[in-house]
Each structure stands twice: as C-alpha cells, then as structure tokens.
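Here's the structure we're looking at; comments come further down.
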Amino acid sequence: MKIELGISTFGETTPLEGSNQVFSHDKRIRQLVKEIEVADEVGLDVYGIGEHHRDDFAVSAPEIVLAAGAVNTKNIRLTSAVSILSSLDPIRVYQQYATIDALSNGRAEIMAGRGSFTESFPLFGQDLKDYDNLFDEKLDLLLYANQETKLKWKGHHTQSIDHREIYPRAVQKQLPIWVATGGNVESTVKIAQMGLPIVYAIIGGQPSYFKPLIDAYRTIGKENGFKDQYLKVAAHS
C-alpha cells in the first residue's frame, strides 16, 4: 500500500495562536506559491488549496495559485482542496486543471466537493434548494469532459452541449478526480458506487469515526466491480 503525504490549506488570513499578525490577501497568496515550492523541495507528495469567498480566507481561485506553483516545481502533485463544483462550470474546471497539467507536465489533480461554507451559492446565482442536484449533475459533466474530447450533453442545472470539443486536453490520459466529503454516509455510498477516490475532511472530529465509513466505501466499491486501484482514500485534518 502506497501512502502519500502532503499539505492542504485554505489560505487562512487569521492570526496564528499567540500572534496578532493578520496577513493581507495578496501577501498570503504569494506565501502560498512559496509554500508549494518549499513543499516540493522537501519531498512532499501533494499540495492542495481550498476555494472560499470570505474575508478570512485568501483564495477564491485555487487553480491560479496552483498554476503559479507549478512553474518552479518538479515533482509535487497539485490539487484543489476543494473546488466547489456546485457553483462552478465543470467545463471551465476541466480546462483550468488541464492547463495546470500542461504547466506541471502531468501533476494536476482535482478534488471536487460541496464546500464547508455556502457563500458561493448566492454569489454565483445558485439556489441552495438545488444543493445535491447541482453537485451530482456537475460532477457527471466534469467526469464526461475528463473522459471524452467531443461532448454531447443535455443539461438541466448545466448548459447543454451539442458535439463541441473541449481543449486543451490534459497531459495525463485523464486527470485524477477525487470527491471530498465531511463524512456523510449517503455521499460515501454514492462515491463508492461510482468507483471514484474519496477524501474525508476531518475537521474537528475523531479520525476513528471514519473507519466504518472507509470500510463501507471499499466494500460497496468492490461490490460494484471496482478494483482496489480505483478505491483510494485520503483524509485531511
């Protein structure tokens, strides 16, 4: 079993414990680019950046920061943590991370999720009553764009696409797409049935709580015909 270690951050601007220093958004973003470079130098496997639209977090567009970090690094994998897919255009998400894949020569990944906060929904004109349906449909479209160049798609919460080609394509045959969850049982079941790698966000909870969920994820995934190589598990805390 291969274990990878890395850093995931929300680009917090709030003071560290025992400090009164608050970083401006622009300074924090520059720090994150440097952190990616240092993480690569010391041999960490992955660096992930979350998306927020709040004053206490600096990053609303993790793909831009990751692209900057890709240029001066050699080995570290670069991922969102997470992309709030429910309020994004899945085609643009694919194109952005395919571009990072080009800049990094095949080191980009996507972590899709609903997000810890809901401020992106009104900001981008989404209705919270469509919370689950938005995510499910947009995840399907993102996976489709990852698999095929020319798309024919009938959208309900997304645009319809009539035999249009999506470029640039990723350097990797397909971008790794993980799905993040805070530990919701229904989400675990859905992700397992799709055979997608899962990420558990352990925010203030006990890690032991997640073991039965991980066991269920692997059991359900195998029952749906997916091999161990597809049933990857990650956690950040």
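A few points about this structure:
- Of all the residues in segment 1-31, those that are at negative phi, exposed (fewer than 14 other Cβ atoms within 10 Å of the Cβ) and of a type in the set (Gly, Ala, Ser) number 2.
- Residue match in segment 35-48 (condition: β-branched (Val, Ile, Thr), more than 18 Å from Gly113 (Cβ to Cβ) and in a loop (DSSP other than H, G, I, E, B)): yes
- Members of segment 82-116 that are among the small types (Gly, Ala, Ser) and farther than 27 Å from Trp153 by Cβ: Ser104, Ser116
- Here the condition is being at pLDDT 95 or above and touching a helix residue (DSSP H, G or I) at 6+ places or on another chain (Cβ under 6 Å); of Glu51, Glu109, Glu35, it holds for Glu51 alone.
- Applying the criterion of being more than 15 Å from Leu88 (Cβ to Cβ) and within 17 Å of the chain's Cα centre (by Cα) to the residues of segment 44-57, the residue that is surrounded by the fewest Cβ atoms within 10 Å (Cβ to Cβ) is Asp45.
- Residue satisfying all of: in segment 71-103; farther than 21 Å from His52 by Cα and without any contact (Cβ under 8 Å) to a residue 40 or more places away in the chain; surrounded by the most Cβ atoms within 10 Å (Cβ to Cβ) among these: Thr73
The values are calculated or read from the model by the stated rules, or taken from the named source; none is laboratory data. This is a predicted model, so every value here is computed, not measured. Positions of Cβ are backbone-derived with ideal geometry, glycine not excepted, and every protein chain shown enters the neighbour counts.
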